[in-house]
Amino acid sequence: MKDHGVFKLALENNILIVEGRGPWNKEALKISFDNAKMMLNKKEKWGIIAVMYGEPVYTPDAAEMLIERIKYEKTHGRTATAFILTNSISPELGKRHLSDLCSKADETFQFFNRVIDAEIWMKSLLSE
């Protein structure tokens, strides 16, 4: 199956900046996981700031894959995820969807309106 959804990744110190436009399927996630793994090689403690454009929705199989990946990454230095939802028609629906996924993965997460606020929060967690 063809990948659906777009991700752009950048690493700034111990923060992986993920910019994406969904909806995302398993194939898109596999590509992003492979790219992130290379970038995070040997990082002991790190976090994610996810800037999501449009509707932040994962297909059911991609959602399950994401939950399992977060659980795995938590044993390999992942600390938390900060979300910024941009240009979403129904941000509350997106927040509920992402909250459900993070809760199932036992992930620490928070929603922000500005990247700078997400960075401040993430840096405070990473310095603990």
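In table form, for the structure just shown:
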item: Sole residue being surrounded by 16 or more Cβ atoms within 10 Å (Cβ to Cβ) and either in contact with a Ser or Thr (Cβ under 6 Å, 6 or more places away or on another chain) or over 24 Å from Asp117 (Cα atoms) (or both), chosen from Leu66, Leu40, Leu16; result: Leu66
item: Subset of segment 7-38 [farther than 23 Å from Leu93 by Cα and small (Gly, Ala, Ser)]; result: Ala10, Ser32, Ala36
item: Hey, Asp117 modelled with pLDDT of 90 or more, on the phi < 0 side of the Ramachandran plot and in contact with a strand residue (DSSP E or B) (Cβ under 9 Å, 6 or more places away or on another chain) or not; result: yes
item: One residue from Ile116, Ile120, Ile84, Ile89 being of a type in the set (Val, Ile, Thr) and more than 20 Å from Ala10 (Cα to Cα); result: Ile89
item: All positions within segment 18-74 that are modelled with pLDDT of 95 or more, in a strand (DSSP E or B) and touching a helix residue (DSSP H, G or I) at 6+ places or on another chain (Cβ under 6 Å); result: Gly47, Ile49
item: Which listed residue, of Ser90, Ser103, is closer than 19 Å to Glu19 by Cα and exposed (fewer than 15 other Cβ atoms within 10 Å of the Cβ); result: Ser90
item: Subset of segment 75-106 [outside any helix (DSSP H, G or I) and charged (D, E, K, R)]; result: Arg78, Asp106
item: Test: residue in segment 11-24 that is of a type in the set (Asp, Glu) and touching a strand residue (DSSP E or B) at 6+ places or on another chain (Cβ under 6 Å); result: yes
item: Qualifying residues in segment 83-100 (those that are more than 21 Å from Leu125 (Cα to Cα) and among the polar types (S, T, N, Q)) - the one modelled with the highest pLDDT; result: Thr86
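Rundown of residues vs (1) farther than 26 Å from Lys123 by Cβ; (2) in contact (Cβ under 8 Å) with a residue 40 or more places away in the chain; (3) under 10 Å from the mean Cα position of the chain (by Cα), yes/no style:
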site	(1), (2), (3)
Pro23	yes, no, no
Ile31	yes, no, no
Lys45	no, yes, no
Thr81	no, no, yes
Cys102	no, no, yes
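The values are calculated or read from the model by the stated rules, or taken from the named source; none is laboratory data. Everything numeric in this text was worked out from a predicted model, so none of it was measured. As a convention, Cβ positions derive from the backbone with ideal geometry for all residues, glycine included, and neighbour counts pool all protein chains shown.
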